[in-house]
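The values are calculated or read from the model by the stated rules, or taken from the named source; none is laboratory data. None of these values were measured; they are calculated from a predicted model. Backbone-built Cβ (ideal geometry, glycine too); neighbour counts: all protein chains shown. Quick note on the areas: whole protein, heavy atoms, side chains included, nothing else; ligands and nucleic acids left out. Shrake-Rupley method; radii C 1.70, N 1.55, O 1.52, S 1.80 Å.
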Amino acid sequence: MRRRLPLWPIPLLWTLALGLWGLSRQHSVWRDEAATWQVARRSAGDIWHMLGQVDAVHGLYYLLMHVLFECFGPGTTTLRLPSVLAMAVAAACVAVIGRRLAGAWAGLAGGLAFGLLPAVQFYLQEGRPYALIAAGAGIATLLLVTVLQGRGRAVHWAAYAGTVAVCGLLNWLSLLILPAHLATLLWTRAGWRTWLRWAVAATVAVVAVLPLILFSRRQSAQVSWIPPLTWDMLIGPAILLAIGALGALLDRPRAGRLSVAAVGLPLLAVPQLGLLGLSLVRPLFLDRYVLFSMLGLALLIGTALGTAVRAARPRFPRASTWLVPVVVTVAVVALLPQSLAKRSPASRVDDVLAVAADVRRLKHTGDAVVFIPAARRDTALVRPADFAGLRDVALAQSPVASGTLKGEEAGPARIRSAMLAQRRILLVTDVPGVARPVSAKRDQAKTAVLKEHFRVVADVQVRGRRVTAYERLGTADNGGLRG
């Protein structure tokens, strides 16, 4: 029966269920997702205008989310469901590849393991493009395996080039999948015709993404916050590579043979090592940029379990069929605390929606609002109704008009004058544990005015964000201090 029935629907539905579990994260949205939310609500023309100034690397994803928001309306389900569906597709690809190369149990175990990986569970419910890239990488790898097994035709190579190109347009660092596939071709000693076709397909994909690569380099200041490599940052990749190497050894790798080791180990190791190498030139190492490498880890884990089933079958034929379900059940139980944690608002730095609700509660007619830093304006952009009636006194040009994520603020002197003309001001900022030192002159001016000419009458901290109500010195106290 296992030979006749497809196994991929099981991991697909399994990962889909994991993604739908707690999808709203208690109705919370954090700052990265807030960027997706606010941009997706703009018109296509406004998005195109913004991409000329900032975030060009995510342009295709923003346009996709704009279409979905237009069709289904903004909300946490619309924001995150594409990632859930994409990860489900990636899990199905793992199952198909594993079954073809190592048998039914390896495919089933790998597909189920993929959805349980901590990194996958985090981005499974994230309104960002990394899950979509993982799905594209899974499809591209499946297409490569298909042609290496002698089943490929011209349409498969065209689909391969198109899929890699789309992944590159979602984030051009996903092109690190190409050297991973190159390593697979070297491992399997592919024929020259296969080499030629792969080279053409890879070149087409790179050429399609090259304009984005060149243009986005003009916006490289966006990633200037990424810290340089440290030894601590190498621990995670080292553990993953060690697990992957162990799984590859269980597959009994041999040069010239298409196997899970030949596909999974390069898919896990090469993107990780490639990003580490790039980070020596310019700090870029963030695990989400190579999230798709988890496909390789899942393939190797699945193969290890499949090998265990085969080894146990001669002596324990009945018990061996329960090995994968038991291991998966144990993994679910062991990872349950982490799974619950990743589905809570505390799993992210902050919660944009929670602080918006506090603004609505604390605001008075005629109040002004300021943001430190200006990027905290995302709260108002995601939930404009909660800020209705508040005057953003530091803002000189709106985010839409300026083609930016946070808008253009006036100079320090003008901000100071505008704030001194207010009776009450609401400050939206980060909680002390998250906030960075105030360095921008505009923000220093805001802080100085509030400290010298205003007093705190209400202060609320919630899920990484803080809203403080200030009243001008010499005016009546409306409510006293609250915490």
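At-a-glance table
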| read-out | value |
| --- | --- |
| Hull shadow area, averaged, the chain [alpha-carbon convex hull, nm²] | 24.8 nm² |
| Spacing of the two label points (7 Å from each Cα toward its C-beta) at Phe215 and Val67, in nm | 1.8 nm |
| Probe 1.4 Å, accessible area per residue of region 299-419, Å² | 46 Å² |
| Vicinal HN-Hα couplings computed from phi for region 165-172 (Karplus, 6.51 cos²θ - 1.76 cosθ + 1.60; Hz; Gly/Pro x) | 5, 5, 4, x, 6, 6, 5, 5 |
| Percent RCO, i.e. relative contact order, over the chain, from Cα pairs under 8 Å lying at least 6 residues apart | 17 percent |
| Inter-part distance where region 164-206 and region 1-76 are each reduced to a Cα centre, Å | 26 Å |
| Per-residue SASA entry for Thr365, accessible area with 1.4 Å probe, Å² rounded to 10 | 140 Å² |
| Where region 1-94 is the region considered: accessible area per residue in Å², 1.4 Å probe | 45 Å² |
| Cut-off 12 Å between beta-carbons: net charge of the residues surrounding Ala448, Lys and Arg +1, Asp and Glu -1 | +3 |
| Residues of region 54-76 with amide N under 20 Å of the 7 Å Cα→Cβ point at Arg360 | 73-76 |
| Equivalent ellipsoid, region 165-307 (semi-axes from 5 times Cα gyration tensor eigenvalues, Å) | 27, 22, 11 |
| The chain: calculated mean residue ellipticity at 222 nm from DSSP helix runs of at least 4, using -39500 (n - 2.57) | -19000 deg cm²/dmol |
| Within straight-line cross-link reach of Lys406, lysines at Cα separation under 17 Å, skipping those fewer than 8 residues along the same chain | Lys441, Lys446 |
| Arg218, Arg197, Arg424, ranked by accessible area, largest first (probe 1.4 Å) | Arg218, Arg197, Arg424 |
| Of Val209, Pro179, Thr307, farthest towards positive along the dipole that unit charges on Lys, Arg, Asp, Glu beta carbons give the chain | Thr307 |
| For region 113-183: accessible area per residue (Å², 1.4 Å) | 27 Å² |
| Rg/Rg_ref, region 332-449, where Rg_ref = 2.2 N^0.38 Å and atoms are Cα | 1.23 |
| P(r) histogram, all alpha-carbon pairs of region 50-129 included - 10 Å bins from 0, percent | 18, 35, 28, 16, 4 |
| Accessible carbon and sulfur surface of the chain relative to its total accessible area, %, 1.4 Å | 65 percent |
